[in-house]
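Taking it in order: structure first as structure tokens, then the write-up.
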Amino acid sequence: MDVVGSAPSGGAEPVNGTAQFVSTAEGTALAYGSLVLMALLPIFFGALRSVGCCKSKNSSDMPETITSRDAARFPIIASCTLFGLYLFFKIFSEEYINLLLSVYFFVLGILALSHTMSPFMNRIFPTSLPNKQYQLLFTQGSGENKEEIVNYEFDTKDLVCLGISSVVGVWYLLKKHWIANNVFGLAFALNGVELLHLNNVSTGCILLGGLFVYDVFWVFGTNVMVTVAKSFEAPIKLVFPRDLLERGLEASNFAMLGLGDIVIPGIFIALLLRFDVSLKKNTQTYFCTSFLAYIFGLGLTMFVMHTFKHAQPALLYLVPACIGFPVIMALVKGELTEMFR
């Protein structure tokens, strides 16, 4: 959901039974600042991991490459999916839809969080403990007609990651707590930035340009995006309570940021980091430029949203910043042709 907005849990919380809760300036600043920080973490670490991902020999870690044709079709597919969800929420009970989605994202979240934790587990896993190797093999047929359906290799470290992720998953499934939601959301975002690769800058411009139009239309042109974002109880958005200072961990008046506003610019920023590496100049000029541009665009989004008290399509501000700043830098350095090549 590519939208920055306010997401009260179960509706606005009344104060003294008569009025909506009004967050303080400190609470609002804390919420927005936390969302910005949470958005930057998966982009930064996902981009770094995307460089190593290209060199990996493990088939499960190989990136999914997005071509220009994929990029051109993506806004159309995203629009159909979004409107389909909107109709589902209008026709069927929101409770049952979210129950099915919770189970689905419970499984995906465990796998995503396990993959996210794996490099850290490799560093902290005690060398004194045995790290046994396992293989899960599922075949179909026999003899010469035998066909592998599943062939997954893992070790003790992976099982530990899976166990920890399962605990978080059960917590999310039972409580739907905003912290558990954010843990899964950050894992999804980091995996997206790491494993979704644009094949060149032109493809990135097509993708971001198409989603720029998609985002503006569905937020400003209709109420579809905001309605789905507020109804959809799944870790596809990062949330942070504006009333944390008053109500602690049980706070319920949330500011939110869709994962699309992290992953879509994030895969473009990761591409520019790989471009920096390919230049072999031992600098990260384009990565740093686009990363700072993302901070500027996201900050501008939240400023406008707070000023006009209306949900904003974050890509309206992020796309021009994330494309424009690196392109200007390439023009200044005389590397524009090389960048688009």
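To keep it simple, each residue is scored yes or no on (1) touching a Ser or Thr at 6+ places or on another chain (Cβ under 8 Å); (2) over 29 Å from Val228 (Cα atoms).
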residue: Leu273; (1), (2): yes, yes
residue: Ile295; (1), (2): no, no
residue: Leu298; (1), (2): no, no
residue: Phe303; (1), (2): no, no
residue: Ala314; (1), (2): yes, no
residue: Val332; (1), (2): no, yes
residue: Glu335; (1), (2): no, yes
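Residues of segment 220-251 being closer than 20 Å to Thr81 by Cα, in a helix (DSSP H, G or I) and at pLDDT 85 or above, which ones?
Hits for segment 220-251 are Phe220, Gly221, Val224, Met225, Thr227, Val228.
Mind checking which residues of segment 43-61 are at pLDDT below 70 and surrounded by fewer than 16 Cβ atoms within 10 Å (Cβ to Cβ)?
Taking segment 43-61 and keeping what is at pLDDT below 70, we get 54-61.
Result: Cys54, Lys55, Ser56, Lys57, Asn58, Ser59, Ser60.
Determine whether segment 255-269 contains at least one residue that is of a type in the set (Phe, Trp, Tyr), surrounded by fewer than 24 Cβ atoms within 10 Å (Cβ to Cβ) and out of contact with any His (no Cβ under 9 Å at 6 or more places or on another chain).
No: segment 255-269 contains no residue that is of a type in the set (Phe, Trp, Tyr), surrounded by fewer than 24 Cβ atoms within 10 Å (Cβ to Cβ) and out of contact with any His (no Cβ under 9 Å at 6 or more places or on another chain).
In segment 131-157, which residues are part of a loop (DSSP other than H, G, I, E, B) and at pLDDT 85 or above? Steps first, answer last, please.
Taking segment 131-157 and keeping what is part of a loop (DSSP other than H, G, I, E, B), we get 131-132, 141-142, 146.
Answer for segment 131-157, where residues must be part of a loop (DSSP other than H, G, I, E, B) and at pLDDT 85 or above: just Lys132.
So, in segment 207-224, of the ones that are buried (at least 20 other Cβ atoms within 10 Å of the Cβ) and of a type in the set (A, V, I, L, M), which residue ends up farthest from the chain's Cα centre (by Cα)?
Val219
Looking at (1) farther than 23 Å from Gly52 by Cα; (2) of a type in the set (Gly, Ala, Ser); (3) touching a residue at least 40 places away in the same chain (Cβ under 8 Å), which is the only condition Gly163 fails?
Going through the list (1) farther than 23 Å from Gly52 by Cα; (2) of a type in the set (Gly, Ala, Ser); (3) touching a residue at least 40 places away in the same chain (Cβ under 8 Å), Gly163 breaks only (3).
Collect the residues in segment 150-179 that are of a type in the set (D, E, K, R) and touching a strand residue (DSSP E or B) at 6+ places or on another chain (Cβ under 6 Å), keeping them in residue-number order. Walk me through it before giving the result.
Step one: list which residues in segment 150-179 are of a type in the set (D, E, K, R), which gives 153, 155, 157-158, 175-176.
Residues satisfying the conditions are Glu153, Asp155.
What do you reckon, is Leu113 modelled with pLDDT of 90 or more, open to solvent by less than 100 Å² (accessible area, probe 1.4 Å), touching a helix residue (DSSP H, G or I) at 6+ places or on another chain (Cβ under 9 Å) and not hydroxyl-bearing (Ser, Thr, Tyr)?
Values: modelled with pLDDT of 90 or more: yes; open to solvent by less than 100 Å² (accessible area, probe 1.4 Å): yes; touching a helix residue (DSSP H, G or I) at 6+ places or on another chain (Cβ under 9 Å): yes; not hydroxyl-bearing (Ser, Thr, Tyr): yes.
Yes.
Evaluate segment 206-213: report whether one residue or more is touching a strand residue (DSSP E or B) at 6+ places or on another chain (Cβ under 8 Å), over 24 Å from Ile124 (Cα atoms), outside any strand (DSSP E or B) and modelled with pLDDT of 95 or more. So that I can check it myself, show each step before the final result.
Within segment 206-213, the subset touching a strand residue (DSSP E or B) at 6+ places or on another chain (Cβ under 8 Å) is 207.
Cutting the leftovers down to over 24 Å from Ile124 (Cα atoms) gives us 207.
From what is left, the residues that are outside any strand (DSSP E or B) are 207.
Next cut, modelled with pLDDT of 95 or more only: 207.
Yes, segment 206-213 contains a residue that is touching a strand residue (DSSP E or B) at 6+ places or on another chain (Cβ under 8 Å), over 24 Å from Ile124 (Cα atoms), outside any strand (DSSP E or B) and modelled with pLDDT of 95 or more.
Pairs please, first residue from segment 124-137 and open to solvent by 100 Å² or more (accessible area, probe 1.4 Å), second anywhere and not in a strand (DSSP E or B), Cβ atoms under 6 Å, 6+ apart in sequence or on different chains.
Lys132/Thr156
So which pairs qualify, if the first residue must be in segment 225-236 and open to solvent by less than 10 Å² (accessible area, probe 1.4 Å), the second must be part of a loop (DSSP other than H, G, I, E, B), the Cβ gap must be under 6 Å, and the two must be at least 6 apart or on different chains?
Here the result reads Met225/Val3; Ala229/Met1; Ala229/Val3, each pair linking segment 225-236 to a residue that is part of a loop (DSSP other than H, G, I, E, B).
Tally up the residues in segment 273-284 that are without any contact (Cβ under 8 Å) to a residue 60 or more places away in the chain and open to solvent by less than 10 Å² (accessible area, probe 1.4 Å), please. So that I can check it myself, show each step before the final result.
Of all residues in segment 273-284, those without any contact (Cβ under 8 Å) to a residue 60 or more places away in the chain come to 276, 278-284.
Subsequent filtering for residues that are open to solvent by less than 10 Å² (accessible area, probe 1.4 Å) retains 276.
Here the count works out to 1.
Do any helices (runs of 4 or more DSSP H) entirely within segment 285-341 hold 3 or more residues that are closer than 19 Å to Leu211 by Cβ and open to solvent by less than 40 Å² (accessible area, probe 1.4 Å), and if so, which?
Passing ranges, in order: 285-308, 315-333.
Mind checking which residues of segment 188-204 are touching a Phe, Trp or Tyr at 6+ places or on another chain (Cβ under 9 Å) and either of a type in the set (A, V, I, L, M) or crowded, with 19+ Cβ neighbours inside 10 Å (or both)? Quick ask: steps written out before the conclusion?
We begin by selecting, within segment 188-204, every residue touching a Phe, Trp or Tyr at 6+ places or on another chain (Cβ under 9 Å); these are 188, 190, 193-194, 198, 200-202, 204.
Answer for segment 188-204, where residues must be touching a Phe, Trp or Tyr at 6+ places or on another chain (Cβ under 9 Å) and either of a type in the set (A, V, I, L, M) or crowded, with 19+ Cβ neighbours inside 10 Å (or both): Phe188, Leu190, Val193, Glu194, Leu198, Val201, Gly204.
The values are calculated or read from the model by the stated rules, or taken from the named source; none is laboratory data. The structure presented is a predicted model; accordingly, all values stated were derived computationally and were not measured. Glycine also receives a Cβ, built like all others from the backbone with ideal geometry; neighbour counts cover every protein chain displayed. SASA here: full protein model, heavy atoms, side chains in, ligands and nucleic acids out. Shrake-Rupley method; radii C 1.70, N 1.55, O 1.52, S 1.80 Å.
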